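Below is one structure, written out as structure tokens; the observations come after it.
The values are calculated or read from the model by the stated rules, or taken from the named source; none is laboratory data. Bear in mind the structure is a predicted one, so any value in this text is a computation, not a measurement. A quick note on method: Cβ atoms are made from the backbone with ideal geometry, for glycine too, and the neighbour counts reach across all protein chains shown. The protein model used for the area step is the full one, side chains on, heavy atoms only, and it has no ligands, DNA or RNA in it. Shrake-Rupley method; radii C 1.70, N 1.55, O 1.52, S 1.80 Å.
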Amino acid sequence: MERARSFLQSPTYDNVITVLSIDGGGIRGIIPGTILSCLESELQRLDGEEVRIADYFDVIAGTSTGGLVTAMLTAPNENGRPLFAAKDINDFYLKHCPKIFPQDSSIPIFGGAAETIRSLVGPKYDGKYFRSLLKETLGELRLSQTLTNVVIPTFDIKRLQPTIFSSYEVRKNSSLDALLSDICTGTSAAPTYLPAHTFETKDSNGQAIREFNLIDGAMAANNPTLVAMNEVSKDINSGSSFSVTKRTYGRCLIVSLGTGTPKADDKYNAVEAAKWGVLGWLSSHHSTPLVDIFTQASSDLVDFYLSTLLQALDSETHYLRIQDDTLAEKVSSVDIATDENLNELVKVGEALLKKPVTRVNLETGLQEPCHDDVTNEVAIKRVAEILSRERKTRGEDRKAI
């Protein structure tokens with residue numbers, strides 16, 4: 001454990017701001033679900049069985065499937081406690097993903113042709129089960145009711161700009177106080193996979209305040225860490241000129257969880273892509289290349305930028321990124337929701353805990369082990385120690401910053 005302290009340290013510049021970020025990735029949300037279960041289990045070992053992830057983080061951010069996990073961790077039940085424990089996330093995915101992404105029995109016969117034809121006439125899935133599930137699970141709960149601050153990016157296709165559902169912003173702008181079920185539906189509406197989602201927020205008299213026309217937040221920020229940090233920074237610097245300095249970043253403990261990416265050279269190549277027209281870019285093998293490229297670029301560039309910034313601010317030891325960039329093609333899919341593939345994702349998450357902590361090489365852009373003898377599981381235990389100590393310092397009735 002001592003070795004872990006050399007690269008993952010508790011901020012000492014003023015009081016600690018704790019940030020959790022969860023990438024998008026469809027069914028691959030099982031991977032961060034496994035990591036979060038490990039973290040919550042360790043927190044319970046330190047502080048008791050009743051504690052939950054939301055008790056420890058000042059802000060939890062999530063895009064697409066990460067937005068759904070964020071809502072699950074922070075939405076209150078009738079007793080004012082989180083609807084879901086972290087250990088229940090994977091059970092939720094294993095139970096419902098086959099119904100959200102039903103596998104078409106015609107695919108093995110006709111191969112990619114059926115998917116290509118379907119992409120021409122509408123989204124691959126109708127989203128009816130998903131919308132119904134979210135309404136049943138989250139009910140009438142709204143953004144303003146979450147148990148800690150949340151940040152969930154979406155993209156408004158009518159306005160052609162990102163719309164960020166943020167606990168910080170909703171205090172100033174009631175038009176953002178949407179139902180969590182609508183927010184989760186919108187941030188998960190990946191183009192070609194699920195339908196775009198439209199809804200309105202209304203005032204106390206039932207009059208429409210604002211219309212939203214949303215698609216997947218991954219189109220703007222598949223890795224929402226920087227979006228979350230921007231919201232924290234604006235809140236800290238409210239009333240003063242905005243600046244990105246150690247005043248903000250030096251106080252943060254940032255845990256960023258990826259949902260996995262394909263192994264290099266395993267999914268696409270230029271020889272193949274050079275032959276693609278519109279249809280090729282929309283459907284190749286079991287995926288949508290354009291969506292894969294947008295989401296992958298977003299995640300990697302955020303990690304690269306944040307690592308560079310934190311190094312410049314001498315705060316890189318306050319940042320833990322857990323990501324697996326060695327997924328096989330089928331496992332890297334966002335929607336192959338067979339029992340076999342879903343259970344394989346559970347194994348990927350468990351194996352990732354045993355792998356060394358990595359950090360992006362600022363020269364090559366590649367993830368490299370930073371300490372061969374320090375695993376992600378050891379790092380998660382170190383995070384739990386920091387979070388537990390911070391919570392006890394604030395008192396159990398902690399208030400999110």
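Keeping all protein chains in position, work out how much accessible area LEU342 exposes to a 1.4 Å probe, and write it in Å² to the nearest 10.
0
Enumerate the whole-percent occupancy of each 10 Å bin, from 0 to the last occupied one, for all C-alpha pair distances of the stretch 305-349.
Answer for the stretch 305-349: a P(r) of 23, 32, 19, 22, 3 percent.
Quick one: length gained pulling THR338 to LYS263 fully straight, 0.36 nm per residue minus the C-alpha distance?
24.9 nm
What is the P(r) of the stretch 29-84, as percent of Cα-Cα pairs per 10 Å bin from 0?
P(r) for the stretch 29-84, in whole percents per bin: 23, 56, 20, 0.
Please report Rg over Rh for the stretch 113-216, where both radii come from the alpha carbon positions and Rh follows the Kirkwood definition.
Expressed as Rg/Rh, it is 1.01.
At most 14 other Cβ atoms within 10 Å and a DSSP loop assignment: could you name the GluC sites (Glu not before Pro) in the stretch 135-197 that fit?
Here the sparse-neighbourhood loop sites are GLU140.
Less than 22 Å apart at the alpha-carbon level, and either on another chain or at least 8 residues along: which lysines does that give for LYS347?
LYS87, LYS95, LYS99, LYS263, LYS267, LYS330, LYS355, LYS381
Would you mind calculating the gained length between ARG45 and LYS355 on full extension (0.36 nm times residue separation, minus the Cα-Cα distance), in nm to one decimal?
So the chain would gain 109.4 nm between ARG45 and LYS355.
Hey, which aspartates and glutamates would be in cross-link range of LYS202, C-alpha to C-alpha under 15 Å, not counting anything within fewer than 8 residues on its own chain?
Cα-Cα hits under 15 Å: GLU140, ASP177, ASP182, GLU211.
Going by accessible area, probe 1.4 Å, with all protein chains left in place, what is the ranking of THR295, THR225, largest first?
Result, largest first: THR295, THR225.
Under a straight-distance cross-link criterion of Cα-Cα below 18 Å, which aspartates and glutamates are reachable from LYS124, leaving out those fewer than 8 residues away in the same chain?
ASP104, GLU115, ASP216, ASP292, ASP335
What relative contact order, as a whole-number percentage, does the stretch 307-385 give when Cα pairs under 8 Å and 6 or more residues apart are counted?
Relative CO of the stretch 307-385 lands at 25 percent.
What is the gain in length, in nm to one decimal, between ARG394 and GLU211 on full extension, counting 0.36 nm per residue of separation less the C-alpha to C-alpha distance?
Between ARG394 and GLU211, full extension yields an extra 61.9 nm.
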